[in-house]
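Just below is one structure, and these are the notes that go with it.
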Amino acid sequence: MKIVETSKIEEAVCRLAIKACVNMRGDCQRALLAAREREEGAARFALDTLLENEEIARKSGMPICQDTGMACVLIELGQEVSLSGMPLADAVNEGVRRAYSEGNFRKSICDPLTRKNTGDNTPAHLHVEIVGGDKVRITFLPKGFGSENMSYLKMLTPAEGKRGIVDTIVEAVKKAGSRPCPPVVVGVGIGGSFDSCAYLAKKALTRPLESHHPREDVASIEREAIDKINALGIGPQGFGGKTSALAVLCEVAPTHIAGLPVAVNMQCHCVRCEEEVL
Amino acid sequence: MKKLSLPLTTEQKLLLHAGDCVLLSGTVYTARDCAHRRIFELLDADMPLPFSLKDAFIYYAGPCPAPEGFATGSCGPTTSARMNVFAPRLLDSGLGGMIGKGEMSDEVVSAIVKNHAVYFAAVGGAGALYANAVKRSELVAFPDLLSEAVYRFEVEDFPVVVAIDCHGDTIYKR
C-alpha cells in the first residue's frame, strides 16, 4: 500500500489551477495561429488580440480570461493508494481556495437561488474514479460559464444513429452562435446514461486538440461534425469566418438497448486543462 | 484603426458601422447580471442610481481582483445575451451604449436604433490584454457583489469591434 498525504493533493491542485488559468496550452496556441492564417477582417483582428493576450498573461502572471471558472477536478485514484491526512474533498477545496486567492483569480461560485457568492470559489466539482495501480492522477479543468451555458444533452433514439449524433452536435454549436467565445472546442459524450453521458462530454475536453478517437467510427463522427460546424460561418467571436470550431472530441460508453444519449459540453477557444500524477 | 473618446455624440455614432475596429478611450461602468438586477430595483423604486445613465457606456464584465501595480485584474467581456432583458429599458433611459461579447436580441437592436446608441463587441477571452487598457478603476456601487459590483473604469485604447450600429446592422447576421 502506498501512502499519499492529501496535503500533496492540495498543493498539486493549487499548482495546476494557477498553471491552467495563466498559461495557454501549446495545442490551443497552434490552433489559433493556424486559424489566423485562414481569416480576415474583424475575425483576424479577434484572433490576433487573443494571441497577444496569451503573451501578456504569460508575462504578467495574470489569468488569460477573467472567468477563471468553476473548478472541475477529476481524480483517478489507484486502488493501491491509501490516503492520509485531511479528507480528500477538503484538500481539493483548500487547493482551490489558495490558488484563487494567490493568483488574483475571480471567485465565481454562488448559491443558485440567493446568488450569494461563496467568496473563495469553492466548492470544487470533484469527480473521483477508482482505478488500478498506485498512482493518483489529478486533472484540473477550470470551466468558464460563457461556454458551459451553451452545453446541451439530448436522449436520441437508437434509430437516429450516427446522423442524429452529428446533427445534435452541429445544432448545439449553431444555437450557441457567438456566445461561447468561438472558435469552440466541442466535448461530446455518446452513450452511457443521462448523467454519465454528460460526464463523458466533460472528460472529452481533457484530450489534446490534435488527438483523434482511436475507434474509426467515432473519429469519423468527429471529422464530419467539425466540417459541418466550420461550414456554418459563425467564425471567431461570431464575427463570421471559416473557423467556428478548433476541435470536436468524442468519448463513447456502452448504453441501454433503448437509448442513445448525446451530450455536448461547449468550451471556448482556450481549453484550460492541466494534469499531474502523484 | 479608428480611435474614439467616450462619450460619443450622435454624429460620431452615425459614422460607425458593424465590423469597424475601434480603440476606445474614456469612462465605462462595469455591470453584469446581479448589478443590473439592483439597478432595476432602484429604477422601479424611483431611487437615485449609482451613476448617471445619460450617454454612459456599460461594460458587461466582472473583473478579477487587481494584482499589485495594476488598476484591475483580468477583465474581458462577459456574454451580453444574458442582459437582453435589461438593455432596452436602460437605452430608453439615456444609456449611450454597451460593450460586451456575442449577439444580442432583436429587441436590443431596435432599442439601439431608436436611441441612436451602439453596441461594441470586445474580444471574449482577452482578459489580461483588457486589464492593461484600464488605467484607473474605482468601486462605484454594490461592494457586496464582489466581482459583480459596479466599477468605473478609465480606459485607454481599448480594442473593440462595432457589433450593432445605430443603423440596425449587426456583425452577426451578415
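Evaluate the Kirkwood expression for the hydrodynamic radius of region A:146-271, namely the inverse of the mean inverse distance over all pairs of different C-alpha atoms, and round to one decimal in Å.
So the Kirkwood estimate lands at 14.0 Å.
Taking the square root of 5 times each eigenvalue of the Cα gyration tensor, what semi-axes in Å does the equivalent ellipsoid of region A:70-217 have, largest first?
Computed over region A:70-217, the values are 30, 22, 14 Å.
Measuring from centroid to centroid over Cα atoms, what is the spacing of region B:119-136 and region A:123-176 in Å?
29 Å
As a check on your grasp of the helix formula, calculate [θ] at 222 nm for the protein assembly as shown: sum -39500 (n - 2.57) over DSSP H runs of n ≥ 4, divide by the residue count, round to the nearest 500.
-10000 deg cm²/dmol
Using 10 Å bins from zero, what percent of all Cα-Cα pairs in region B:2-164 falls into each bin?
Reading the bins upward from 0: 11, 44, 36, 8, 0.
Gain in length, A:Lys19 to A:Leu33, computed as 0.36 nm per residue apart minus the alpha-carbon separation, to one decimal in nm?
Gain on extension, A:Lys19 to A:Leu33, equals 2.9 nm.
Can you sort A:Lys228, A:Lys116, A:Lys203 from fewest to most other Cβ atoms within 10 Å of each residue's own Cβ?
By the 10 Å Cβ count, ascending, the order reads A:Lys116, A:Lys228, A:Lys203.
Which ³J(HN,Hα) values, rounded to whole Hz and listed in residue order, are derived for region B:153-159 from phi using the Karplus coefficients 6.51, -1.76 and 1.60 in 6.51 cos²θ - 1.76 cosθ + 1.60 with θ = phi - 60°, glycine and proline given as x?
9, 9, 10, 9, 6, 8, x
What residues have an amide H closer than 5 Å to that of B:Ala61, excluding those fewer than 5 places away on the same chain, when H is modeled at 1.01 Å from N in the peptide plane?
Hits under the 5 Å cutoff: B:Ala31, B:Arg32, B:Thr78.
Given a 10 angstrom Cα cut-off, can you work out which residue in B:Val155, B:Val28, B:Val140 is the most mobile in a GNM of chain B?
Checking each option, the largest mean-square fluctuation is seen for B:Val140.
What is the average number of partner chain Cβ atoms found within 10 Å of a Cβ in B:128-141?
Working: counts 16, 11, 5, 7, 5, 0, 0, 0, 0, 0, 0, 0, 0, 0.
Average per residue, whole number: 3.
PRE reach from A:Thr157 (point 7 Å along Cα→Cβ): which of region A:257-274 fall under 17 Å by backbone N?
So the set is A:257-262.
What would the Debye formula give as log10 I(q)/I(0) at q = 0.12, 0.14, 0.19, 0.20 Å⁻¹ for the alpha-carbon point model of region A:1-145, no solvent?
Debye curve over Cα of region A:1-145, log10 I(q)/I(0) at q = 0.12, 0.14, 0.19, 0.20 Å⁻¹: -0.59, -0.75, -1.07, -1.13.
Here is the link list: A:Lys59/A:Lys202; A:Lys154/A:Lys228; A:Lys116/A:Lys175; A:Lys154/A:Lys174; A:Lys8/A:Lys202; A:Lys143/B:Lys135. Which ones come out longer than 21 Å on Cα distance?
Going by Cα-Cα distance, A:Lys59/A:Lys202; A:Lys116/A:Lys175; A:Lys8/A:Lys202; A:Lys143/B:Lys135 fall outside the 21 Å limit.
Please tell me the relative contact order of chain A in percent, rounded to the nearest whole number, where contacts are Cα pairs under 8 Å and at least six residues apart.
26 percent
Would you order A:Lys107, A:Lys2, A:Lys59 from fewest to most other beta-carbon atoms within 10 Å of each residue's own beta-carbon?
The fewest-first ordering by Cβ neighbours comes to A:Lys59, A:Lys2, A:Lys107.
Considering amide H positions built from the backbone, and no H for Pro or chain starts, which residues 5 or more places from A:Met70, or on another chain, come under 5 Å of its amide H?
Residues meeting the amide H criterion: A:Lys143, A:Gly144.
Quote the relative contact order of region B:2-164 in percent (integer), defining contacts as alpha-carbon pairs under 8 Å separated by 6+ residues.
Working: 374 pairs, mean separation 51.6, N = 163.
In percent, rounded to a whole number, it is 32.
Using a Gaussian network model on chain A with a 10 Å cutoff between Cα atoms, which of A:Pro261, A:Pro158, A:Pro182 fluctuates the most?
Residue with maximal mean-square fluctuation among A:Pro261, A:Pro158, A:Pro182: A:Pro158.
Order these by the 10 Å Cβ neighbour count, fewest first: B:His167, B:His116.
So the residues, fewest neighbours to most, are B:His167, B:His116.
Round to a whole angstrom and tell me the spacing of the C-alpha centers of region A:90-117 and region A:5-61.
Centre-to-centre distance over Cα atoms comes out at 21 Å.
What are the ³J(HN,Hα) couplings of region A:85-94, residue after residue, when phi is run through the Karplus curve with 6.51, -1.76, 1.60 and θ = phi - 60°? Round to Hz, x for glycine and proline.
Using θ = phi - 60°, the values come out as x, 5, x, 3, 4, 5, 5, 4, 5, 5 Hz.
Under a 10 Å cutoff between Cα atoms, tell me which one of A:Val184, A:Val252, A:Val96 has the largest fluctuation in the Gaussian network model of chain A.
Among A:Val184, A:Val252, A:Val96, the largest GNM mean-square fluctuation belongs to A:Val252.
For the protein assembly as shown, what number results from the quotient of the Cα radius of gyration and 2.2 N^0.38 Å?
Here the Cα radius of gyration is 0.99 times the empirical estimate.
Over what distance in Å are the Cα centres of region B:3-21 and region B:39-114 separated?
A separation of 17 Å, based on Cα centres.
Put a dot 7 Å past each Cα toward the Cβ at A:Lys175 and B:Glu41; how far apart are the dots in nm?
3.2 nm
With θ taken as phi - 60° and the coefficients 6.51, -1.76 and 1.60, list the Karplus ³J(HN,Hα) couplings across region A:197-213 in order, rounded to whole Hz; mark glycine and proline as x.
5, 5, 5, 4, 5, 5, 5, 4, 6, 7, 7, x, 4, 8, 7, 10, 5
No lab work stands behind these numbers, since they all come straight from the coordinates. This one's a predicted model, so the numbers in the text were calculated from it and none came from an experiment. Methodologically, a virtual Cβ is constructed for each residue, glycine included, from the backbone with ideal geometry; neighbour enumeration extends over all protein chains shown.
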